[in-house]
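The values are calculated or read from the model by the stated rules, or taken from the named source; none is laboratory data. Remember, it's a predicted structure, so these values are computed and weren't measured experimentally. Virtual Cβ from ideal backbone geometry, glycine too; neighbours counted across all protein chains shown.
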Amino acid sequence: MPRRLMLLDTASLYFRAFYGLPDSIRRPDGTPVNAVRGLLDMIARLTTEYQITHLVACWDNDWRPQWRVDLIPTYKAHRVAEEVPGGTDVEVVPEGLEAQLPMIRQTLELAGIAIVGAAEHEADDVVGTYASHAAFPVDVVTGDRDLFQVCDDERNVRVIYTARGMKNLEVVTEETVVAKYKVLPQQYADYATLRGDASDGLPGVAGIGEKTASSLLLKYGTLEGLLAAADEPGAGVSGPVRARLEAAAEYLEAAPAVVRLVRTLELPTLDEAGAQLRPVTGHRRAELEQLAAEWNLGGSVRRLLAALDQHA
């Protein structure tokens, strides 16, 4: 089988699993296991359907890095349950999902699935780094449009977009991004900076929506090129647009570093992380099967094991 890497935006998937399956699915002690079941079923399906040979569950070691908050204080502010001075703020996570996160990690580790995070960085940055340096084709699984930045038809990097549900997965390529947003993937961060993103607490530039943002980037190439043109009276930037950019000057100076993926993290290599998929054998298989029974994971573990057995 030709080598193919899959990078999971893991939090995006376990949130989707939690809300997609009833929380009446519980262990004997009453703890919900719907997110565990759903995530394992997603992995079994995705790795089989897309013929994956290497897999990394990218993890949010810091879901709201302070350096991003220092640049844009509103960044993900609406999702903060508790501020932790000098540490990682506590994210709003349903109690039923919070209880499942240790179980998710334990089952993935027993299944031999690589889990990789980075201090002071989000899973998106882990995805960005691996996707930018992989030596073979990459599929990124996410419901987050920000990761469209990594699409690269020449290098065969694409996004498996989950926003419409697991029954309606969309394969997003560079061509898809251009057709839908009228910008190249390498322009997507500048596009998102201009139009803003309420889900991440990014205000954008008042008066500049998606169509205006894409038309400006089509003409000037980059945000930097647009701002340079706005400083040149004869460069064709209209008075109203120039005024809007000037009013948002402080935001536009800070936001690009927040929106752009970090692609230069020092991460374990795929070999070091144990990303190559293999059958689960020996005591780990026995322990995983035992947990499946004890935690009421139904057929989800069996389906995951069967998917991994294909890599013998």
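Summed over segment 243-272, the residues that are farther than 25 Å from Y75 by Cα and surrounded by fewer than 18 Cβ atoms within 10 Å (Cβ to Cβ) give a count of 4.
If you filter segment 49-104 down to residues that are in contact with a helix residue (DSSP H, G or I) (Cβ under 7 Å, 6 or more places away or on another chain) and either farther than 30 Å from L288 by Cβ or basic (K, R) (or both), you find that the one that is surrounded by the most Cβ atoms within 10 Å (Cβ to Cβ) is Y75.
Considering only residues in segment 107-131 that are out of contact with any strand residue (DSSP E or B) (no Cβ under 8 Å at 6 or more places or on another chain) and not hydrophobic (A, V, I, L, M, F, W, C), the one that is nearest to P185 (Cα to Cα) turns out to be G128.
Give I72, I52, I43, I104 a once-over and let me know the one that is touching a Lys or Arg at 6+ places or on another chain (Cβ under 6 Å), touching a residue at least 60 places away in the same chain (Cβ under 8 Å) and not polar (S, T, N, Q). Steps first, please.
Working: I72 fails: touching a Lys or Arg at 6+ places or on another chain (Cβ under 6 Å); I43 fails: touching a Lys or Arg at 6+ places or on another chain (Cβ under 6 Å); I104 fails: touching a Lys or Arg at 6+ places or on another chain (Cβ under 6 Å).
Of I72, I52, I43, I104, the one residue that is touching a Lys or Arg at 6+ places or on another chain (Cβ under 6 Å), touching a residue at least 60 places away in the same chain (Cβ under 8 Å) and not polar (S, T, N, Q) is I52.
Of the residues screened, L265 is one that is of a type in the set (A, V, I, L, M), at pLDDT 95 or above and part of a loop (DSSP other than H, G, I, E, B).
Evaluation of L216 against the conditions (1) closer than 16 Å to S12 by Cα; (2) out of contact with any strand residue (DSSP E or B) (no Cβ under 9 Å at 6 or more places or on another chain); (3) buried (at least 22 other Cβ atoms within 10 Å of the Cβ) shows that the sole unmet condition is (1).
Residues checked against (1) assigned to a helix (DSSP H, G or I); (2) in contact with a Gly (Cβ under 6 Å, 6 or more places away or on another chain); (3) modelled with pLDDT of 95 or more; (4) under 30 Å from L297 (Cβ atoms):
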site: E109; (1), (2), (3), (4): yes, no, yes, yes
site: G112; (1), (2), (3), (4): no, no, yes, yes
site: D139; (1), (2), (3), (4): no, no, yes, yes
site: E154; (1), (2), (3), (4): no, no, yes, no
site: E175; (1), (2), (3), (4): yes, no, yes, no
site: Y191; (1), (2), (3), (4): yes, no, yes, no
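All conditions but one from (1) exposed (fewer than 14 other Cβ atoms within 10 Å of the Cβ); (2) at pLDDT 95 or above apply to L223; the one that does not is (1). Considering segment 208-240, the residues that are assigned to a loop (DSSP other than H, G, I, E, B) and either touching a residue at least 40 places away in the same chain (Cβ under 8 Å) or under 26 Å from the mean Cα position of the chain (by Cα) (or both) include one that is nearest to G128 (Cα to Cα), namely T222. State whether the residues of segment 125-132 include one that is among the aromatic types (F, W, Y) and closer than 30 Å to L291 by Cβ. Within segment 125-132 (the criterion being among the aromatic types (F, W, Y) and closer than 30 Å to L291 by Cβ), the answer is yes, since at least one residue qualifies. Being out of contact with any helix residue (DSSP H, G or I) (no Cβ under 8 Å at 6 or more places or on another chain), more than 25 Å from A123 (Cα to Cα) and at pLDDT below 95 is the requirement here; does G234 meet it? When the stated conditions are applied, G234 passes them. In the condition set (1) in a helix (DSSP H, G or I); (2) more than 22 Å from T264 (Cα to Cα); (3) in contact with a Ser or Thr (Cβ under 7 Å, 6 or more places away or on another chain), V183 is compliant with all but (1). Checking each residue in segment 49-92 for being over 18 Å from the mean Cα position of the chain (by Cα), outside any helix (DSSP H, G or I) and under 24 Å from P256 (Cβ atoms) picks out I72, P73, T74, V80, T88, D89.
With the condition kept exactly as written, say whether any residue in segment 182-194 is in contact (Cβ under 8 Å) with a residue 60 or more places away in the chain, aliphatic (A, V, I, L, M) and surrounded by 18 or more Cβ atoms within 10 Å (Cβ to Cβ). Yes: one or more hits. When segment 176-207 is filtered for residues that are among the hydroxyl-bearing types (S, T, Y), within 17 Å of the chain's Cα centre (by Cα) and under 19 Å from G225 (Cα atoms), only Y188 remains.
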